[in-house]
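Worksheet: the structure to be examined is printed underneath.
The values are calculated or read from the model by the stated rules, or taken from the named source; none is laboratory data. In this text the structure is predicted, and so the values were computed from the model without any measurement. Cβ placement follows ideal geometry from the backbone for every residue including glycine, while neighbour counts extend to all protein chains displayed.
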Amino acid sequence: TTQAMPTPLDILQSTFGFDDFRPGQEDIIQGVLKGEPVLAVMPTGAGKSLCYQVPSQILPRPTIVVSPLVALMDNQVAGLRANGIAASCLHSSQSREENIAQWRDVTNGRSKILYVSPERLMTGRMLSAMKALNPSLFVVDEAHCVSKWGPAFRPEYADLTRLHNLFPESNFAAFTATADDATREDIAQQLFSRRGKIIVHGFDRPNLSLTVLPVDNRPRQLNNLLINQKGNSGIVYCLSRKNTETYAKSLNDAGYTALPYHAGMTSEDRFENLDRFMAEPGIIMVATIAFGMGIDKPDIRFVYHTNLPSSMEAYYQEIGRAGRDGLPAETALLFGLDDIRLRRQFITNDGSDRDHQMREFKRLDALIGYCETSGCRRQALLNYFGETTAPCGNCDNCLNPPEQVEATAAARAIFAS
Ligand code: ADP
Ligand code: MG
Ligand code: ZN
């Protein structure tokens, strides 16, 4: 019998217990699985490890991960084992017997991922053992260490430049959080003679303006937002199917071209509306989250949420559909307390296990925190994804700082008396 190959998403969910990929992960994983050498540049905390751990569970032969520090290796191996994934490592803080046992797990196929330090990998004996193993993939983590341009250059890493000639049948992937253009080119040159693809995935989308408005009257607020968008394509997200219909109708009455889109429509109607949105300028798609997956329209000028999305990840993904062409695009979210209650109910009633629900609550709470912040929203958003930035000047709180001064003055007055 032929067994269907698991997809990366299957592995992510069933093996790692995560629901969705983070921004960038899927592209990188697809590239790695296609056999292209990939240098991935992503901020710290973005989830680079998963981009090779998931492929390691799909590729036919072992994945060898070069990592600079014993502590990093141990940490990753422990994390994998906690998820029930066999993982091995070789390093000098382990006994010889332990190293032999770990190596045997790899050669007999029990373990599909092996962590090793560069100096150990590049010994003659290890390299000939590797030849016999014929790994599917070599991964160089913290790849900036290979570049003499970078401040973190490690002489042990320099030797890794021989690897791609020694293993012409294996694929290569390199990961780093810190590499400017020159360093990236250098890393790609050193590790795979520039044959590969450099995928840079920062989280910032500086052309998207970010606004959160407390709900007062949703239809009126939506109208106010749309006043400056005449002739532009955009998306208005609603929580309920019914609202997509009612908002679309009232927008049409107000002279816009608005089309509803939700999973309750016939597929013919949905396709027709999607076609028009893609082909005609100036159409407003009034949609539930059923709309958007895989939509690649570059000139979407706005994404407005009339209700709270389910999580920070969902929000980021949904607003991310705007401004793919790099030109300014506007996002706004109407934030109502009624939605918080509703979202919490959804989670409580979704029938999933407690751990899953706790994670969902956390992701929702992060979004609520984002809505309530008085600081720069972009900082809050990027921070959630592990990236830091200066205040952006393109969010409501930067452009119109909330009146903290008064509150502080009032507080001071209380303590002064
Ligand atoms: P990096 O190497 O990019 O700094 P890590 O690979 O160490 O980041 O991952 C940072 C954290 O993000 C880890 O705790 C990891 O489990 C978590 N993580 C990675 N991908 C996902 C995902 N798709 N969903 C949820 N959490 C994730
Ligand atoms: Mg890392
Ligand atoms: Zn800002």
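Key figures for this structure:
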read-out: Residue tally, condition in a loop (DSSP other than H, G, I, E, B) and in contact with a His (Cβ under 9 Å, 6 or more places away or on another chain), over region 290-337; value: 2
read-out: 3 or more residues over 30 Å from S374 (Cβ atoms), within 16 Å of ligand 2 (Cβ to nearest atom) and at pLDDT below 95: qualifying strands (runs of 3 or more DSSP E) within region 163-247; value: none
read-out: Test: residue in region 67-76 that is among the small types (G, A, S) and more than 26 Å from P37 (Cβ to Cβ); value: yes
read-out: Some residue of region 147-164 being of a type outside the set (S, T, N, Q), crowded, with 20+ Cβ neighbours inside 10 Å and within 16 Å of ligand 1 (Cβ to nearest atom); value: no
read-out: Number of the exception - D355 against (1) out of contact with any Leu (no Cβ under 9 Å at 6 or more places or on another chain); (2) crowded, with 17+ Cβ neighbours inside 10 Å; value: (2)
read-out: So A132, is it loosely packed, with under 14 Cβ neighbours inside 10 Å and not basic (K, R); value: yes
read-out: Cross-chain or 6+ apart pairs with Cβ under 8 Å, region 113-140 first and touching a residue at least 12 places away in the same chain (Cβ under 8 Å), then part of a loop (DSSP other than H, G, I, E, B) and among the acidic types (D, E); value: N134/E169
read-out: Out of P43, P60, sole residue that is in a loop (DSSP other than H, G, I, E, B) and crowded, with 19+ Cβ neighbours inside 10 Å; value: P43
read-out: Residue in region 130-146 that is nearest to L39 (Cα to Cα), counting only those that are away from ligand 1 (no atom under 16 Å from the Cβ) and part of a loop (DSSP other than H, G, I, E, B); value: S136
read-out: Residue in region 343-366 that is closer than 24 Å to G292 by Cα, assigned to a loop (DSSP other than H, G, I, E, B) and more than 16 Å from ligand 1 (Cβ to nearest atom) present; value: yes
read-out: Residue, surrounded by the most Cβ atoms within 10 Å (Cβ to Cβ), within region 95-129, restricted to residues that are out of contact with any Pro (no Cβ under 6 Å at 6 or more places or on another chain) and assigned to a loop (DSSP other than H, G, I, E, B); value: S111
read-out: Selected residue (criterion: farthest from ligand 1 (Cβ to nearest atom)) from residues of region 15-40 that are of a type in the set (D, E, K, R) and part of a helix (DSSP H, G or I); value: K34
